[in-house]
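Here is the structure we will look at, set down as structure tokens.
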Amino acid sequence: MDERQSVPSASGVPTAAVGQVTGRGPRTRASLVFAAALSALTLLATACSGGTDSVDQAAGGGFGFVQQASNSDFVPLANRTPAPDLTGPTVAGPDLDLADFRGKILVVNFWASWCAPCRAETPGLVKLAADSPGVAFVGVNEKDNLSAAKAFIQDNNVTYPSIVDRIGTLAARWPVPPGLPSTFVLDSKGRLAARFTGGVLPGDLTPVLTRLRAET
């Protein structure tokens with residue numbers, strides 16, 4: 001094994017490694033390719049990270065979440081804060097404002113037609129919405145093609161409306177972790193009460209809805 005020390009160059013790639021590529025075999029080339037890819041991913045992560053004005057999605061942005069399970073968080077009644085504003089045109093056309101649902105428990109699901117876990121969870125959400133007449137459901141369609149979103153809604157018989165968030169500006173105000181789907185539950189006063197990261201089942205949501213109903 002060659003144990004010569006490599007000196008980093010200005011580009012961040014060891015100069016010794018660069019020299020070895022031209023005179024060594026595939027293993028050295030693979031190492032260099034891996035290093036370059038790792039550097040590119042680091043730069044991409046830095047470019048995509050939010051600034052000081054963005055919500056800390058992973059931590060919940062100070063919304064008071066307490067982890068209940070690996071993919072769910074709950075906010076005790078005394079610690080709840082109002083959900084961020086969310087208004088805009090829907091996939092069907094008319095504008096919608098979450099404030100219109102004040103007085104009802106509200107489930108807000110961030111989804112996209114290209115998201116496999118979203119496709120998997122949607123039938124359960126549609127059924128739960130039909131079985132929960134006192135609870136409102138709203139989707140937020142993320143970074144999607146409008147035609148694809150309309151086809152998704154039709155194919156899955158989704159009866160509740162979805163606000164269009166074409167470039168993700170609405171989601172940026174919410175504590176939405178990286179990746180989709182994410183689902184939030186608001187209490188009857190419009191405050192964030194629970195968050196589910198990843199696909200959610202009716203069995204996950206039902207206990208939260210029952211808990212919130214008992215508060216009123």
query = Wholly within region 62-179, which strands (runs of 3 or more DSSP E) include no fewer than the required count, namely at least 3 residues that are not β-branched (Val, Ile, Thr)?
reply = 66-69, 72-74, 95-97, 105-111, 135-142
inquiry  = If Asp95 satisfies all but one of (1) among the acidic types (Asp, Glu); (2) more than 20 Å from the chain's Cα centre (by Cα); (3) buried (at least 20 other Cβ atoms within 10 Å of the Cβ), what's the number of the condition it fails?
reply    = (3)
inquiry  = Going through Asp97, Asp204 one at a time, which residue ends up being of a type in the set (D, E, K, R), modelled with pLDDT of 95 or more, out of contact with any Asp or Glu (no Cβ under 9 Å at 6 or more places or on another chain) and in the same structural domain as Pro76 (by TED's automatic domain parsing)?
reply    = Asp204
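To keep it simple, each residue is scored yes or no on (1) crowded, with 21+ Cβ neighbours inside 10 Å; (2) among the charged types (D, E, K, R); (3) over 21 Å from Ala92 (Cα atoms); (4) in the same structural domain as Gly139 (by TED's automatic domain parsing).
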| residue | (1), (2), (3), (4) |
| --- | --- |
| Asn157 | no, no, no, yes |
| Arg166 | no, yes, no, yes |
| Val176 | yes, no, yes, yes |
| Ser188 | no, no, yes, yes |
| Arg191 | no, yes, yes, yes |
| Ala194 | yes, no, yes, yes |
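May I ask you to say which residue of Thr122, Thr169 is of a type in the set (Ser, Thr, Tyr) and touching a strand residue (DSSP E or B) at 6+ places or on another chain (Cβ under 8 Å)?
Only one candidate qualifies: Thr122.
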Failed item, numbered, when Glu121 is tested on (1) closer than 18 Å to Leu86 by Cβ; (2) under 15 Å from the mean Cα position of the chain (by Cα); (3) surrounded by 14 or more Cβ atoms within 10 Å (Cβ to Cβ) = (1)
query = Hey, Arg102 hits all of (1) over 15 Å from the mean Cα position of the chain (by Cα); (2) without any contact (Cβ under 8 Å) to a residue 12 or more places away in the chain but one; which does it fall short on?
reply = (2)
message = List pairs: first residue in region 118-138 and farther than 15 Å from Lys104 by Cβ, second residue of a type in the set (Gly, Ala, Ser) and at pLDDT 95 or above anywhere in the structure, Cβ distance under 8 angstrom, at least six positions apart or on different chains.
response = Cys118/Ala112; Cys118/Gly199; Arg119/Ser113; Ala120/Gly199; Glu121/Gly199
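The values are calculated or read from the model by the stated rules, or taken from the named source; none is laboratory data. Every value quoted in this text rests on a predicted model; they were computed, and no experiment measured them. Because the Cβ atoms are built from the backbone with ideal geometry, glycine has one as well, and the counts that use them run over all protein chains shown.
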